[in-house]
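Trainee: The structure that follows is given in the form of structure tokens.
Derivation of every value follows stated rules applied to the coordinates shown; laboratory data play no part. Being a predicted model, the structure only gives us computed values, none of them experimental. Methodologically, a virtual Cβ is constructed for each residue, glycine included, from the backbone with ideal geometry; neighbour enumeration extends over all protein chains shown.
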Amino acid sequence: CRGLMVTRSLRVLSPGVLTTVQDSGRRDVARFGVSPAGWCDWYSAAAANLLVGNGGDAAVLETMLTGARFELHGAVSMAVTGAHAALLIDGVSASRWRAHDAGAGSVVEIAPAQRGARSYLAIDGGVQVPLVMGSASTDTGAGFGGYQGRPLRSGDVLTLHEAGAKSGSAAQRESATVSTLEYPHDAIPAWGPDVILRVLPGPHASAIPEQAWQALLGQTFGVSSRSTRQGLQLEGTPLTLEGRTDVISAGAFAGCVQITNAGAPVLLLAEHQTTGGYATVACIISADVPLAGQARPGDRLRFERVTRIEAARAHVQRRAALHSLRPAGAGSGLSRGFHEGV
């Protein structure tokens, strides 16, 4: 009947290798020994939310490599961003980085990623799960948050917030209803197997000799299959050290590049530990953390040192790209992506 509120939900048909509920993560919890968790690619996740009129922090689904399939119970506005992977709605190909309306009973399939590692599915209103320490994010290592503290399984049913419950400004909501939104080509990352990550010296940069620094910047590393949401393990010629890289345990964060006593770099991601005992010799600039989050096993990765001014300029450019969404079909673009190195 008119005015009857129908609860919308999403059923997992196939979760792929790792699909979790994530938002921007937990804040001010490191003092309790709790990881922030959250999405690994902040740019793609926030973009998916903006496409459907959500605030940038609404809970989304993050898939990994093999994709996933879902059935919608209720009509939604949805968008998929992140890895380069085919998107199918009821078996029909649909564009990524663009909002779509999908009816009750629709099946949404995110195919295996061809480039990049993680896709993000946002639905207007966001995914509704109990908040733990103020966040909906799944901490897979600790086993809490998200949906029952674990990756999703076939048959799981997730409740969705009502449209607008987690959305942003009134202007955003109004614009989303006037026309379908999409991102211009030059705001869509062009993920690839050769990843350049710009870095600044870290708090323990002096813990390794200049020769090791040059080796770190001059070498191409391989992304190991042992990498997780906690961090990327990098394979290559070990750095030549003049001693151990142990330091008094210090705070850690996504984008830290630590060097083990064996001379191997480890790059921390969203689900990182709160403190680390290895020297943090470099830090990925914030604009390039999404590139690290999309690196996949077998990719080739190298570091490029930049200045603080260059890092700040890159962040401003990345934020401008995030807010460059437009009505679908408006204008055209030929750029491969916003990062020339990939």
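Trainee: Contact order normalised by length for the stretch 1-67, with contacts defined as Cα pairs under 8 Å and 6 or more residues apart; what percent is it? It would help to have the intermediate numbers written out before the result.
Mentor: Working: 68 pairs, mean separation 27.3, N = 67.
Relative contact order, the stretch 1-67: 41 percent.
Trainee: What fraction of the DSSP beta bridges in the chain is antiparallel, stated in percent and rounded to the nearest 5? Each step should come with its number before you reach the end.
Mentor: Working: 63 of 69 bridges.
Bridges in the chain are about 90 percent antiparallel.
Trainee: For volume of the Cα convex hull per residue in Å³, which listed value, (i) 239; (ii) 132; (iii) 171, comes from the coordinates shown?
Mentor: Only one option fits the structure, namely (ii).
Trainee: Hey, what did the chain get for relative contact order, percent, Cα under 8 Å, at least 6 apart?
Mentor: 20
Trainee: Under a GNM of the chain (C-alpha, springs under 10 Å), which listed residue has the highest mean-square fluctuation: THR280, THR20, THR260?
Mentor: Of THR280, THR20, THR260, the most mobile in the Gaussian network model is THR260.
Trainee: Running a GNM on the chain with Cα contacts under 10 Å, which residue among GLY149, GLY255, GLY67 ends up with the highest mean-square fluctuation?
Mentor: Checking each option, the largest mean-square fluctuation is seen for GLY149.
Trainee: Mean-square fluctuation check for the chain, GNM, Cα pairs under 10 Å: which of GLY38, GLY263, GLY218 is largest?
Mentor: GLY218
Trainee: Using alpha carbons only, how many angstrom separate the centre of the stretch 216-237 from the centre of the stretch 275-317?
Mentor: 13
Trainee: Here's another thing I want to ask about it. Out of all DSSP beta bridges with both ends in the stretch 189-324, state the antiparallel percent to the nearest 5.
Mentor: Values: 20 of 26 bridges.
In the stretch 189-324, approximately 75 percent of DSSP beta bridges are antiparallel ones.
Trainee: Right, another one. Taking the simple approach of a point 7 Å from Cα along Cα-to-Cβ for both SER14 and ALA262, what is their distance in nm?
Mentor: Output for this residue pair reads 3.5 nm.
Trainee: Here's something else I'd like to know. With label points built 7 Å along Cα→Cβ from the Cα atoms of THR240 and ILE309, find their separation and express it in nm.
Mentor: 3.5
Trainee: Expected output is a single nm value to one decimal: the length gained when fully extending between ALA75 and THR228, i.e. 0.36 nm times separation in residues minus the C-alpha distance. What is it? Provide the component values of the computation, followed by the final result.
Mentor: Working: separation 153, 0.36 × 153 = 55.08 nm, distance 3.41 nm.
Separation in residues times 0.36 nm, less the Cα-Cα distance, equals 51.7 nm.
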